[in-house]
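**Student:** One structure, pasted below without further comment.
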Amino acid sequence: MAVRNTVSLIPRSTASGSLGCVWKVPGAVALLIPSFPRLKEWAYAGAVITYVRAIASHLTVGDRFAVIVAPTVLLALTLAS
C-alpha cells in the first residue's frame with residue numbers, strides 16, 4: 001500500500017500522455033504497410049516499450065491479476081508477430 005501512495009504523489013504530465021497516444025496511430029499504420037522495414041522496427045519497439053511499462057506499472061502499484069492480463073497478452077502477440 002505504501003508503494004501505491006508514493007506512486008500517486010508522482011506528478012503526471014498530460015503532454016507526455018497525449019503524445020504517446022498520438023504516436024500509436026502512425027505506429028499501427030506503419031505495421032500495416034508492407035514497405036519501410038526500419039519504420040516497422042521502430043513501431044514494434046514502441047509497442048513493446050508501451051506494454052512492458054504498463055505491466056511494470058500495474059505490478060508496482062499492486063493491481064490485481066485481471067488488470068495485468070491485457071498488456072501481457074498484447075505484449076505476447078506483439079512479440080509473436
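Any read-out appearing in this document is the output of simple, stated calculations on the displayed coordinates, not a laboratory observation. If you're wondering where the values come from, they're calculated on a predicted model, not measured in any experiment.
**Student:** If each residue of separation counts as 0.36 nm, what is the full-extension length gain between Leu74 and Val22 once their alpha-carbon separation is subtracted? Display every interim value, and only then the final one.
**Tutor:** Numbers: separation 52, 0.36 × 52 = 18.72 nm, distance 1.88 nm.
Contour length minus Cα-Cα distance gives 16.8 nm.
**Student:** Mind listing the phi-derived Karplus ³J(HN,Hα) values for the range 22-28, rounded to whole Hz, using 6.51, -1.76 and 1.60 with θ = phi - 60°, and x for any glycine or proline?
**Tutor:** Listing the rounded values in order: 5, 7, 6, 5, x, x, 5 Hz.
**Student:** Could I ask something else about it? By how many nm would the segment from Ile33 to Arg64 grow when fully extended, if each residue of separation counts as 0.36 nm and the alpha-carbon distance is taken off? Numbers along the way, then the final one.
**Tutor:** Details: separation 31, 0.36 × 31 = 11.16 nm, distance 3.66 nm.
Length difference between fully extended and current span is 7.5 nm.
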